[in-house]
Each structure stands twice: as structure tokens, then as C-alpha cells.
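*Asks:* Please read through the structure below; I'll follow up with questions.
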Amino acid sequence: MIFDPNISANAVAHHILVVDDDPASADSLKALLETNGFRVQLAKDGGQAHSAFRMRRPDFVITDLILPGENGYELIDRMKRSDETVPVLVLTAIALDESKALTERLGADGYITKPVAANVLLEEIQTIAQRVWERTHLDQQKEEKRIRFNCRCGKKFKVSHVHRGRTLTCPDCGEPLIVPRYE
Ligand SMILES: [Zn+2]
């Protein structure tokens, strides 16, 4: 996979799991997201959310906090323990700093208080998806982009891909060598 800093967030967040026990708000959120190109799965409580999660890991999770049975905080905690790379956005009527701080400690990636304008919500999804994707892929991509090759004398080199095709001098034997374009 090639890292592209311009990759759109839709490309990394196709499939969104929405956890909300209120059918009206869940349906309107689903309609909004589908109109904007996302695929949406609904769960009305923690049990449904975790089984949906196990069946197919979503690219993004939007969850309410007040849910029947397991509450949203417990849900975030369990999801992040099972896969910390899945972005989780809290969408809630609870406008308390303590609540927001708690979800952050549990690993949530964003917190929006209802009601929210559609464009604000969509923008936040994009921002979070992009940020989490970069956080989880960037280090790995940097390492993958290093080119390894050997001099004829046996000295091993590991250089950044940006040096492809450049000539360097081996510090051990003094021979000129060209950084290969491909490994
Ligand atoms: Zn050499």
C-alpha cells in the first residue's frame, strides 16, 4: 500500500457503525451518512454493537452515551481494548466537560454535542478518520519506504526512498554506487 497524504477520508472510512437506541435519530443519521457515500450499520445497544464489530470491523464508529444495558463509556472502553485503531466519535446530548474528558481517557477520538449541523458532523468524521489513519499507518509506511541494498564489498545500506537513483560513495571501500530505484 502506498501512503498518499492526499487520500480522502472517505477512502479510509467507508463503513460506519452507528450505535444509538433512538430509532428516529439513528435513521436520520444513517440517511445523512448514506447520502454522503458511507455505508452504515445500525446497532441499538452495546450487545448489537459488539457483535457487529466482531462480524466485520467498521472503519469508523459513532456512538451515543446513554444506551440501554452497557453505556457508551463501557462500549468505548471495550472497543478500544479490542482494536485501538478504530476511530470512535461520541455524538451525545451530554454537554459536560467531565463526560468528554472521560471518553478521551477511554480512547475516544472525538466528541460532538447534539444537535449538530450536518456539515460539522461530516467534517469531523473526515478529520478524525484521516488523523487516526495517519497515526496508525505513518510509522509503518516510513519504514516500508526505506530501500535496502548492499555494496559489492558487502556493506549494507538502508536509505530513504527519496534517494532512489542517486549516486553515493561507499564509506568502507570508496566505490561509487547507485541507490536502486526498486528493491
Ligand atoms: Zn563498499
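The values are calculated or read from the model by the stated rules, or taken from the named source; none is laboratory data. Quick caveat: nothing in here was measured; it's all calculated off a predicted structure. Glycine also receives a Cβ, built like all others from the backbone with ideal geometry; neighbour counts cover every protein chain displayed.
*Asks:* Can you find even one residue in segment 157-164 that is in a loop (DSSP other than H, G, I, E, B), in contact with a Lys or Arg (Cβ under 9 Å, 6 or more places away or on another chain), away from the ligand (no atom under 16 Å from the Cβ) and outside the structural domain of ARG57 (by TED's automatic domain parsing)?
*Replies:* yes
*Asks:* Is there a residue being in the same structural domain as LEU121 (by TED's automatic domain parsing), in contact with a helix residue (DSSP H, G or I) (Cβ under 6 Å, 6 or more places away or on another chain) and surrounded by 16 or more Cβ atoms within 10 Å (Cβ to Cβ) anywhere in segment 20-30?
*Replies:* Checked segment 20-30: at least one residue is in the same structural domain as LEU121 (by TED's automatic domain parsing), in contact with a helix residue (DSSP H, G or I) (Cβ under 6 Å, 6 or more places away or on another chain) and surrounded by 16 or more Cβ atoms within 10 Å (Cβ to Cβ).
*Asks:* So in segment 81-136, with the set limited to residues that are basic (Lys, Arg) and within 13 Å of the chain's Cα centre (by Cα), which one is farthest from LEU65 (Cα to Cα)? Even if it seems obvious, please write down each step before you answer.
*Replies:* Restricting attention to segment 81-136, the residues satisfying the condition of being basic (Lys, Arg) are 81, 100, 105, 114, 131, 135.
Now drop any that are not within 13 Å of the chain's Cα centre (by Cα), which leaves 131, 135.
Numbers: ARG131: 23, ARG135: 25 Å.
If we take residues in segment 81-136 being basic (Lys, Arg) and within 13 Å of the chain's Cα centre (by Cα), then ARG135 is farthest from LEU65 (Cα to Cα).
*Asks:* Filter segment 81-103 down to the residues that are farther than 17 Å from PRO115 by Cα and at pLDDT 95 or above and list them by number.
*Replies:* PRO87, VAL88, GLU98, ALA101, LEU102, THR103
*Asks:* Listed residues THR85, THR63; which is among the polar types (S, T, N, Q), under 20 Å from ILE128 (Cα atoms), surrounded by fewer than 19 Cβ atoms within 10 Å (Cβ to Cβ) and touching a helix residue (DSSP H, G or I) at 6+ places or on another chain (Cβ under 9 Å)?
*Replies:* THR85
*Asks:* Determine, yes or no, whether LEU32 is in contact (Cβ under 8 Å) with a residue 12 or more places away in the chain and under 15 Å from ILE16 (Cβ atoms).
*Replies:* yes
*Asks:* Next question. Before we move on, is LEU177 more than 25 Å from PHE38 (Cα to Cα), touching a residue at least 24 places away in the same chain (Cβ under 8 Å) and within 16 Å of the ligand (Cβ to nearest atom)?
*Replies:* For LEU177, the condition - more than 25 Å from PHE38 (Cα to Cα), touching a residue at least 24 places away in the same chain (Cβ under 8 Å) and within 16 Å of the ligand (Cβ to nearest atom) - is met.
*Asks:* Going through segment 78-131 one residue at a time, which ones are free of Cβ contacts under 8 Å to residues at least 60 places away in the same chain and either in a strand (DSSP E or B) or on the phi > 0 side of the Ramachandran plot (or both)?
*Replies:* Residues satisfying the conditions are VAL88, LEU89, VAL90, THR92, GLY107, GLY110, TYR111, ILE112, THR113.
*Asks:* Further question on the same structure: Of the numbered conditions (1) closer than 30 Å to ILE16 by Cβ; (2) hydrophobic (A, V, I, L, M, F, W, C); (3) exposed (fewer than 14 other Cβ atoms within 10 Å of the Cβ), TRP133 fails exactly one; give the number of that condition.
*Replies:* In the conditions (1) closer than 30 Å to ILE16 by Cβ; (2) hydrophobic (A, V, I, L, M, F, W, C); (3) exposed (fewer than 14 other Cβ atoms within 10 Å of the Cβ), TRP133 misses (3) alone.
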